[in-house]
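Following: one structure in structure tokens, then a few remarks.
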Amino acid sequence: MKTHRNAELGLLAFVMVLVAAYGATVEANRIGEITPTFWVPAALLSVLFLGLHVVVRFTAPYADPVLIPAVALINGLGVGFLRRLDIGDALSEKLPVPGIFAGIGGRQLAWTLGSLVLAAVLLLVVRDHKVVSRYAYTLGLVGIVLVMIPAVLPSSLSEVNGAKLWIKLGGFSIQPGEFAKLALVSFFAYYLVRKREVLSLASKRFVGIDFPRGRDLGPVVTVWLLSLLVLVFEKDLGTALLYFGLFVVTLYVATERASWLIIGLLLFFGGVYLAYLLGASVGGPFANFYDRAQVWLDPFALSNYERNGGSYQLVQSLLSLGTGGLFGSGPGAGSPRFVPEVQTDFIFAGMGEEIGLFGLAALLVVYLLIVERGLRAGLGVRDSFGKLVAGGLAFTLGLQVFVILGGITGLIPLTGQTTPFLSAGGSSLMANWLLIAMLLRISNAARGPANSGGGSDRPGPGPKKAPTQLHGAMTEVIQP
């Protein structure tokens, strides 16, 4: 069977040429000349991605050859844009052009190294994705703890821009929810593999759709309540939507019943509307969500236009996207610093001004390609646990991009989520590269021969039976 590793290597080389060209264009537009070292960030990234490619070549030879190059393109453009911000800041303060390892771009380069090392370690340690199911309940507990830690910490240690999603200690900060989603996906997958027969049972048929029995709504209602707690105490709609949507979609994949999606949507939007009404009437923990909803409903109202906690960020984001138009001003030729937090929450808006609608559309197509390849791995793998994990991870990535893009364009209220592989920050980058490593492991089982991992429908590895002879034919006992 072909491994297509050489195709992956060729795509990586092409991607790094694009990243180098982006860096050269930034310098030409920002500085007025292309420095002799414009290629260095792309070369360093090439070495890092080449190292991961070598690890995949030996540990997951049949893995999807498109995943790493697609993610490398987004990661490389993110490093290039953050370095573009560093160059712009230096010029505005009449300072020399910063070095390769200086500023936000230099830190992102270092975080990329750490993220790729973690991804390589996961591929080296986890040789069969079904091994993860052994620790499903532990991972579920860890995931819940990671989600709730910022909620119980004082605002001074956890709150950024109105959302309590961080753990801040001195100059160090981490977003534990980024890692929680990986643990929760594994737990949800294991739980639904065990319970899918019960959850698939129908009680009544309404408008041609079979709805589940009332007694089986317990898990969905429980996760719904936990999501509302996240909305109330962490003050972030995007995180609540991410966790609840992840469970409902994984449940739908496990049972193939559209009724679970309908129930999930009704529960979520009903809970959000209830939180909005409570915020308008009693305030308290619901007041922050009510204020964000008001900003979303009318960002250009003078009463909402405030720099801290108001619609200033959203308005500047919309103006930046509008200024970019179809083709953008060109890499390095825009003014992204007019958008607050352009290096994290609003990086799509800052890049949109310079690469335009067509450039952002191309970037979204790359994200779509990553999600599609993850779903394809889930369809191809032979065990139910792998299918649910791959489907859940791919959906998580796609939903996170939707939540971010919806926030900066005014489609949904703003959230505190970071753009995967693009925004500055180590937590998001590390967690999402671990997500890709898990998809690589599952796609290796899906695309490779039956003995490459994933040949059994058991959620965890079990003892193998020796082949036996029956009437002269080689057979093998398969455990249910």
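Only the coordinates and a few stated rules stand behind these numbers; no lab work does. Treat the numbers as computed from the prediction; the structure is a model and nothing was measured. All Cβ positions, glycine included, derive from the backbone under ideal geometry; neighbour counts span all protein chains shown.
The Cα center of the range 93-118 and the Cα center of the range 173-202 differ in position by 35 Å. Can you give me the C-alpha center-to-center distance between the range 281-353 and the range 5-64, rounded to a whole angstrom? Cα centres, the range 281-353 to the range 5-64: 32 Å.
Taking each residue as 0.36 nm, the span from Met1 to Val121 lengthens on full extension beyond its C-alpha to C-alpha distance by 40.6 nm.
With only alpha-carbon pairs counted, each pair once and no self-pairs, how large is the Kirkwood hydrodynamic radius of the chain in angstroms?
23.7
Here the Debye sum runs over all C-alpha atoms of the range 1-104 as equal scatterers in vacuum, and log10 of I(q)/I(0) at q = 0.12, 0.15 Å⁻¹ comes out as -0.45, -0.63. When peptides 107-114, 134-141, 392-399 are sorted by average Cβ neighbour count within 10 Å, with the highest value leading, the order is 392-399, 107-114, 134-141. One chain, two ends: Ala102 and Phe300. Fully extended at 0.36 nm per residue, the span grows by 67.6 nm beyond their Cα-Cα distance.
Ellipsoid semi-axes for the range 129-297, based on the Cα gyration tensor and the rule √(5λ), read 30, 23, 10 Å when sorted largest first.
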